[in-house]
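Visitor: Please see the structure below; I have some questions.
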Amino acid sequence: MAPTPISAPFPAARLRRTRQSEGIRGLVRENGLSAADLIWPVFVRSGTEIEEPVPSMPGVMRRSVDKIVDAAHEAEALGIGAICIFPYTGIEERTEDCTGAWDPENHTNRAIRAIKAAVPSLTVMTDVALDTYNINGHDGFVENGEIVNDRTVEALVWMALAQADAGADIIGPSDMMDGRIGAIRTGLEAKGHQNVMILSYAAKYASAFYGPFRDAVGASSALSGDKKTYQMDPANSDEALRLVARDLGEGADMVMVKPGMPYLDICRRVKDTFGAPTFAYQVSGEYSMIKAAAAQGWIDEERVMMESLMAFKRAGCDGVLTYFAPAAAKILGR
C-alpha cells in the first residue's frame, strides 16, 4: 500500500517552493527518461540504397538492408536501447501458406545478420506474426474465414527460430494466438537459444490506431475483415491482466501493452500487479497524429513528443517502442 501523503497547512507548506527553478524541479522529479528506455521500430524492404518515405508516417522510411545498417549505427551512436525490425512485403511477396515468414533469407533475417555484423553491441528485436507474409493480411492462417490458432502457433515457432538463428536478441510475438509464448519458449530452449528473450505483446488491442503501420508494412490492401477475434476488445481491462499472467507463466521475459497512450491505465495495472519488465508501443496512429498536428502549427512537436514519452514512464513502463526514438534521443543527449 502506498504511504498516505502528509502535508503541513498553508503557509507552512507552499508546494510551489519545489517548482521555482529548473535545478530544484530536477532534484524532486519523480520519473526520468533516457535514450536507453527507447526501442526504435524500423521497416526493412527489398533492394539496395533505398530510403522510401511512408506517406502516412511523416519522417518514417522503409529502408533496404544496407540502409537499415545505417540506422543501426545511428541508434548505437544515440544510445537507443534497441532497434525493432518489421518487414515491408508487397502483395506479390505474400502467400496463403506464409512460408516467407520463416525463410532464412527474408528481409528481417537478412537485416538481423547485417546489423549484428556491423553493430554487434546493438540489441535487435523482431516481430513474430504472419500478417506481413499472409495474402489475407492476418496474423494467423485463415481457414474457411476463421483465423486458426494451433496451426498458426506451429508456424510462429518456425518464424521465431529462424530469427533466433539469424542473431535476434529479443523475439516479439505480436500475433495474439493462445499458447504461442509457451510454444516459442520450448522451441528456443530445444534449439539452444536459451538466452534469447521474449517480449510478448501480451495485451494487444483491436485498435483503430494501427492504420499507418499497416501502410508501412504493406498490409492495408491485403487485410480482409478485422482482427477482433484474436486482438483484445478496447473496453476490457481485467482481461489484460489475465493475458499478462498467462504469458509470464509460459516464459515471457517482458510484456507489452499496445497501443500506448490510450491504454496508460493498462500499463499502470500491469506494472503494479506483476512488477515484471513492462513496455508500451506508441503506435503509428499516435505518432502520425502528433506529427500532423505539429505540421499545422497547432502544437509544439518537440514538447508534446517528450511529454508523451514521459507519460509512459509515469505510468510504470520500463521502456517504450516509438518512432520518435531518434529525435527524442537527440534531445535527451543535449
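The values are calculated or read from the model by the stated rules, or taken from the named source; none is laboratory data. On a predicted model such as this, the values are computed, not experimentally measured, just so you know. Don't worry about glycine lacking a Cβ; one is built from the backbone with ideal geometry, like all the others, and counts go over all protein chains shown.
Visitor: List every residue pair whose Cβ atoms lie under 7 Å apart, where the two residues are 6 or more positions apart in sequence or sit on different chains, the first residue falls within the stretch 179-203 and is at positive phi, and the second residue, located anywhere, is β-branched (Val, Ile, Thr) and at pLDDT 95 or above.
Guide: Gly179/Val153
Visitor: Let me ask something else about it. Hey, among the residues in the stretch 148-181 that are under 21 Å from Lys116 (Cβ atoms) and acidic (Asp, Glu), which one's nearest to the chain's Cα centre (by Cα)?
Guide: Step by step, filter the stretch 148-181, then rank; the result is Asp169.
Visitor: Within the stretch 20-110, which strands (runs of 3 or more DSSP E) (wholly inside it) include 1 or more residues that are surrounded by fewer than 20 Cβ atoms within 10 Å (Cβ to Cβ), touching a residue at least 12 places away in the same chain (Cβ under 8 Å) and in contact with an Asp or Glu (Cβ under 6 Å, 6 or more places away or on another chain)?
Guide: 61-63
Visitor: Answer yes if at least one residue in the stretch 148-165 is touching a residue at least 60 places away in the same chain (Cβ under 8 Å), of a type in the set (Val, Ile, Thr), out of contact with any Leu (no Cβ under 7 Å at 6 or more places or on another chain) and more than 30 Å from Gly81 (Cα to Cα), and no otherwise.
Guide: no
Visitor: May I ask you to list the residues in the stretch 134-151 that are out of contact with any helix residue (DSSP H, G or I) (no Cβ under 9 Å at 6 or more places or on another chain), of a type in the set (S, T, N, Q) and not in a loop (DSSP other than H, G, I, E, B)?
Guide: Passing the criteria: none in range.
Visitor: Now for a separate question. Could you list all residues from the stretch 302-320 that are of a type in the set (Gly, Ala, Ser) and either more than 19 Å from the chain's Cα centre (by Cα) or buried (at least 21 other Cβ atoms within 10 Å of the Cβ) (or both)?
Guide: Once the filter is applied, which keeps residues that are of a type in the set (Gly, Ala, Ser) and either more than 19 Å from the chain's Cα centre (by Cα) or buried (at least 21 other Cβ atoms within 10 Å of the Cβ) (or both), the stretch 302-320 yields Ala315, Gly319.
Visitor: Just checking, does the stretch 198-221 include any residue being within 16 Å of the chain's Cα centre (by Cα), among the β-branched types (Val, Ile, Thr), crowded, with 19+ Cβ neighbours inside 10 Å and part of a loop (DSSP other than H, G, I, E, B)?
Guide: yes
Visitor: Here is a follow-up. Filter the stretch 273-301 down to the residues that are over 14 Å from Val60 (Cβ atoms) and within 13 Å of the chain's Cα centre (by Cα), then identify the one that is surrounded by the most Cβ atoms within 10 Å (Cβ to Cβ).
Guide: Step by step, filter the stretch 273-301, then rank; the result is Ala280.
Visitor: Let me ask something else. What's the total number of residues in the stretch 118-136 that are buried (at least 17 other Cβ atoms within 10 Å of the Cβ) and touching an Asp or Glu at 6+ places or on another chain (Cβ under 6 Å)?
Guide: So the answer is 7.
Visitor: Let me ask you something else. Sort through Ala101, Ala114, Ala75 and tell me the only one that's over 25 Å from Arg185 (Cβ atoms), touching a Leu at 6+ places or on another chain (Cβ under 8 Å) and modelled with pLDDT of 95 or more.
Guide: Ala75
Visitor: Identify all residues within the stretch 226-248 that are exposed (fewer than 15 other Cβ atoms within 10 Å of the Cβ) and in contact (Cβ under 8 Å) with a residue 40 or more places away in the chain; write none if there are none.
Guide: Of everything in the stretch 226-248, just one residue is exposed (fewer than 15 other Cβ atoms within 10 Å of the Cβ) and in contact (Cβ under 8 Å) with a residue 40 or more places away in the chain, namely Thr229.
Visitor: Can you find even one residue in the stretch 279-292 that is in contact (Cβ under 8 Å) with a residue 60 or more places away in the chain and assigned to a strand (DSSP E or B)?
Guide: yes
Visitor: Just checking, which of Ala252, Ala276 is outside any helix (DSSP H, G or I), farther than 21 Å from Pro326 by Cα and in contact (Cβ under 8 Å) with a residue 60 or more places away in the chain?
Guide: Ala252
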